[in-house]
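Below is one structure, written out as structure tokens; comments come after it.
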Amino acid sequence: MATQPLEAPMTWTTSPRAADALEKALKENPQVIPHHSEKWDVSRSDIYYEDRWQPIFREMRAAGDLHKVEDSPFGPHWNVVSHRAIQHIEALPDLYSSAEGITILDKLSDEKLAELGRDRFELPMFIAMDRPKHTGQRRTVAPKFTPSNMGDMETEIRARTGELLDTLPRREVFDWVDTVSIELTTGMLALLFDFPWEDRRLLTFWSDWAGDTEIGLVRDLDMQRQGILREMGAYFTKLWMERAQKEPSPDLISMMIHSPAMNQMSPEEYMGNLVLLIVGGNDTTRNTMSGIIHAFDKFPDQRKLFEEDPSLIPNAVQECIRYQTPLAHMRRQATEDSEIFGQTVKAGEKLILWYISANRDEAVFENPDKLDITRENARRHLAFGYGIHRCVGARLAELQLRVLLEEMHKRRMRVHVAGDVERVRANFVHGFRKLEVEVTEF
């Protein structure tokens, strides 16, 4: 890297999980996050935590492709809710820029930072860049996710998945999120980074703190997050320094070191791209792994189809990704005035692309609130985005999910929801904190 690493005291061993810290803050002061006054302000996390977002987006889609929200804790923005409008915007990356960030949370102005008594803390990442810089950095990591590399990785993924499934208790309640979803995805990330295996759960801890947008609205929690991400940066900088002394290897850190597009990154940019790869590789796949189990339990007819016909598994993967939509939104910013399906968007205005709504768009998906693993157009989902910013690790996510279903089928595993179901309280990451299940056989 171009400059010295960002130092921070190592406190992760005593820090709470991000979700627990936010819950505590909300219990102590429910107004710590400002009140939402507009009925279509879907930035509020309670509608996802309580799983009641579907009719709100359905009403918006019926009224139009995009809608302006003036009063929101995250500032004014456009809710883009239809499949066609999101595709249109993502297909025009020069007109609708990613450079201001990928989430609904705004960068604070210098004046606002001074008012809050905070320093600027920004983590550039290639998904939040425009061409040409985006192109060079994405090309650095993309070779890790080619079809040939996926073929090479499948044997190891299958072995690890099978070994884990064989350890699961039968007819005993346990948490699928922690035991299966987190363990499989965190282990996969550790392999991609060649990360010390004994510390792999740190990747989950960092991912959770990095992926919660509402923490940015709570000063004390945001400061705690900055410290935790600096710790992450210090840990990964140590790995960078070690790998820099070695021959090139196929792990993602070494690939960055030996890339002209990335080997002169600032510490902040290194941290930003790590956050991108960790959240992208961890939260998305892990929440779909949990979402599959929950959806099969909710739609037992679809679980029966899966059990009777394993040839449906590849399409079931696409349908489960559509149904779950593990990242609820992405954000763009207009670089000039434009017309989008009858609405005038001014230069500088923020557009929130609600993938979670596009994947339930009745104009594209028949009976969209139902899981249908035979759905002919399931692959049209937008859960991975569209255009130049489409998820670079999509093939790996699909592979992990396919292998999980194949290995479950091979063992004739039927997983029932048998206890608490707790969802993530967030407007960006869409998933499960806890999913208590019991394993039987079919």
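The values are calculated or read from the model by the stated rules, or taken from the named source; none is laboratory data. Keep in mind that this is a model prediction, so the values were computed, not measured. Quick reminder, even Gly has a Cβ in these numbers, built from the backbone with ideal geometry, and neighbours come from all protein chains shown. For accessibility, only protein heavy atoms count, side chains too; no ligands or nucleic acids. Shrake-Rupley method; radii C 1.70, N 1.55, O 1.52, S 1.80 Å.
Residue-wise test of (1) small (Gly, Ala, Ser); (2) open to solvent by less than 20 Å² (accessible area, probe 1.4 Å).
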{"position": "SER45", "(1), (2)": "yes, yes"}
{"position": "TYR48", "(1), (2)": "no, yes"}
{"position": "PRO55", "(1), (2)": "no, no"}
{"position": "MET60", "(1), (2)": "no, yes"}
{"position": "VAL69", "(1), (2)": "no, yes"}
{"position": "ARG84", "(1), (2)": "no, no"}
{"position": "ALA91", "(1), (2)": "yes, no"}
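Name the single residue that is nearest to the chain's Cα centre (by Cα) among those in segment 157-182 being charged (D, E, K, R), modelled with pLDDT of 95 or more and closer than 20 Å to LEU435 by Cα.
So in segment 157-182, the residues charged (D, E, K, R) come out as 158, 160, 163, 166, 170-172, 175, 178.
Next, only the ones that are modelled with pLDDT of 95 or more stay: 158, 160, 163, 166, 172, 175, 178.
Now narrow it down to the ones that are closer than 20 Å to LEU435 by Cα: 166, 172, 175, 178.
Details: ASP166: 28, GLU172: 30, ASP175: 20, ASP178: 17 Å.
Step by step, filter segment 157-182, then rank; the result is ASP178.
Kindly indicate which of GLY216, GLY211, GLY281, GLY233 is closer than 25 Å to SER15 by Cα, surrounded by fewer than 21 Cβ atoms within 10 Å (Cβ to Cβ) and in contact with a helix residue (DSSP H, G or I) (Cβ under 6 Å, 6 or more places away or on another chain).
On the way: GLY211 fails: surrounded by fewer than 21 Cβ atoms within 10 Å (Cβ to Cβ); GLY281 fails: surrounded by fewer than 21 Cβ atoms within 10 Å (Cβ to Cβ); GLY233 fails: surrounded by fewer than 21 Cβ atoms within 10 Å (Cβ to Cβ).
Answer to the selection: GLY216.
Can you tell me which residues in segment 192-201 are surrounded by fewer than 20 Cβ atoms within 10 Å (Cβ to Cβ) and without any contact (Cβ under 8 Å) to a residue 60 or more places away in the chain?
Within segment 192-201, PRO196, TRP197, GLU198, ASP199, ARG200, ARG201 meet the criteria.
Quick one: would you say ALA426 is open to solvent by less than 10 Å² (accessible area, probe 1.4 Å), small (Gly, Ala, Ser), more than 30 Å from GLN137 (Cβ to Cβ) and touching a residue at least 12 places away in the same chain (Cβ under 8 Å)?
Working: open to solvent by less than 10 Å² (accessible area, probe 1.4 Å): yes; small (Gly, Ala, Ser): yes; more than 30 Å from GLN137 (Cβ to Cβ): no; touching a residue at least 12 places away in the same chain (Cβ under 8 Å): yes.
No, not satisfied.
What are the residues in segment 242-275 that are assigned to a helix (DSSP H, G or I), closer than 15 Å to PRO143 by Cα and either hydroxyl-bearing (Ser, Thr, Tyr) or open to solvent by 10 Å² or more (accessible area, probe 1.4 Å) (or both), if any?
The answer is SER254, MET255, ILE257.
If only one of LEU435, LEU371, LEU353 is in contact with a Ser or Thr (Cβ under 8 Å, 6 or more places away or on another chain) and in contact (Cβ under 8 Å) with a residue 24 or more places away in the chain, which one is it? Please lay out each step first, then the result.
On the way: LEU371 fails: in contact with a Ser or Thr (Cβ under 8 Å, 6 or more places away or on another chain); LEU353 fails: in contact with a Ser or Thr (Cβ under 8 Å, 6 or more places away or on another chain).
On inspection, the qualifying residue turns out to be LEU435.
When segment 141-191 is examined, which residues are found to be β-branched (Val, Ile, Thr), part of a loop (DSSP other than H, G, I, E, B) and either open to solvent by less than 50 Å² (accessible area, probe 1.4 Å) or closer than 27 Å to ARG390 by Cα (or both)? Lay out the reasoning, then the answer.
Taking segment 141-191 and keeping what is β-branched (Val, Ile, Thr), we get 141, 146, 155, 157, 161, 167, 173, 177, 179-180, 182, 185-186.
Now drop any that are not part of a loop (DSSP other than H, G, I, E, B), which leaves 146, 173.
Residue satisfying the conditions is THR146 alone.
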